[in-house]
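Asker: Let me begin by handing over the structure; questions about it come next.
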Amino acid sequence: MNDGTAETEYLHRCARQLAAGELPPGWDIVPSSPLSRVACNTELKFFYKEFIVRSPLERLQAMLLGSRASKARKQNDALLYVGIEAPVSVAWGKLAGGREYLITRTAPGQDVASWLKTTLADRTGESLARRRQLLEALGIFVGRVHATGFIAGDLQASNVIADLIEGRFQFSLIDNERTVKILPPPGRALLKNLMELNLLPPPVLSRTDRMRFFVAWRRQMRELSPIEAKVVAAEAFHWAMRLMYERGQL
């Protein structure tokens, strides 16, 4: 656990209240999966995530291999260590029933999916120029993540936060409990990450958009041959389209 500063004591107290179903002043519940309880304090810029134990087997795995909360904290720190922005952990602890919580500082900006669907949906003028800038910068960022050996557990556009600072986009990778580092990164894992980023329908992300991102990503992945790169791009696109079709999203 963190030190006993006033801030961390406040956060531990909020965590206990949130775990008991209470909502401390300034906090709001964020919709999430059944496997976690999530809340945020937008004014103080804190993000709370409670990891719910799914089964006795998971409790045993946590004892042997580390819990989901500890893995999230460890991978956030590992990303930050190599200069890749990720949530900064400020408080964590255990709760009744094997549950754990992690509180991080909120990454500035909004997720890439929101940028593409709403903020930069207009494909004319300055909005179009910003959209192109975002996609190229995103490709560079994700390529740097992969070139460093990190494979995100779930690299959907909603798990990458983008902030526009002095005319340049800066990114932060969130939801890192299943992020791993493998050098060299396996081709299948790279393909899965690129497929996840492609899980936006054509009205939101055109073929030109996808290619702009991919060309920037490819520049960071110098170990891939041109043929391998083209195969990965095509497979990621077709896999994403099939999956969205099966889900009724196309």
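The values are calculated or read from the model by the stated rules, or taken from the named source; none is laboratory data. This one's a predicted model, so the numbers in the text were calculated from it and none came from an experiment. We place every Cβ from the backbone using ideal geometry, glycine too, and count neighbours over all the protein chains shown.
Asker: Is there a residue in segment 181-204 that is in a helix (DSSP H, G or I), among the aliphatic types (A, V, I, L, M) and more than 25 Å from residue 131 (Cα to Cα)?
Answerer: Yes, segment 181-204 contains a residue that is in a helix (DSSP H, G or I), among the aliphatic types (A, V, I, L, M) and more than 25 Å from residue 131 (Cα to Cα).
Asker: List the pairs whose first member sits in segment 13-30 and is at positive phi, whose second member is assigned to a loop (DSSP other than H, G, I, E, B), and whose Cβ atoms are under 6 Å apart, counting only residues at least 6 apart or on separate chains?
Answerer: 26/43
Asker: Answer with yes or no whether residue 160 is closer than 26 Å to residue 70 by Cβ and touching a residue at least 60 places away in the same chain (Cβ under 8 Å).
Answerer: Spelling it out, it is not the case that residue 160 is closer than 26 Å to residue 70 by Cβ and touching a residue at least 60 places away in the same chain (Cβ under 8 Å).
Asker: Can you tell me which of (1) surrounded by 22 or more Cβ atoms within 10 Å (Cβ to Cβ); (2) under 24 Å from residue 73 (Cβ atoms) is the one residue 134 doesn't meet?
Answerer: Checking residue 134 against (1) surrounded by 22 or more Cβ atoms within 10 Å (Cβ to Cβ); (2) under 24 Å from residue 73 (Cβ atoms), the one that fails is (2).
Asker: Based on this model, can you work out whether residue 151 counts as touching a Pro at 6+ places or on another chain (Cβ under 6 Å) and surrounded by fewer than 22 Cβ atoms within 10 Å (Cβ to Cβ)?
Answerer: yes
Asker: Restricting segment 72-93 to residues that are touching a strand residue (DSSP E or B) at 6+ places or on another chain (Cβ under 9 Å) and either of a type in the set (D, E, K, R) or not assigned by TED's automatic domain parsing to the domain that holds residue 12 (or both), which is farthest from residue 170 (Cα to Cα)?
Answerer: 73
Asker: Scan segment 213-233 and tell me whether some residue there is of a type in the set (Gly, Ala, Ser), under 21 Å from residue 121 (Cβ atoms) and in a loop (DSSP other than H, G, I, E, B).
Answerer: Looking through segment 213-233, none of the residues is of a type in the set (Gly, Ala, Ser), under 21 Å from residue 121 (Cβ atoms) and in a loop (DSSP other than H, G, I, E, B).
Asker: Could I ask something else about it? If you scan segment 159-180, which residues turn out to be more than 15 Å from residue 145 (Cβ to Cβ) and either under 10 Å from the mean Cα position of the chain (by Cα) or not basic (Lys, Arg) (or both)?
Answerer: 163, 164, 165, 166, 167, 177, listed by residue number.
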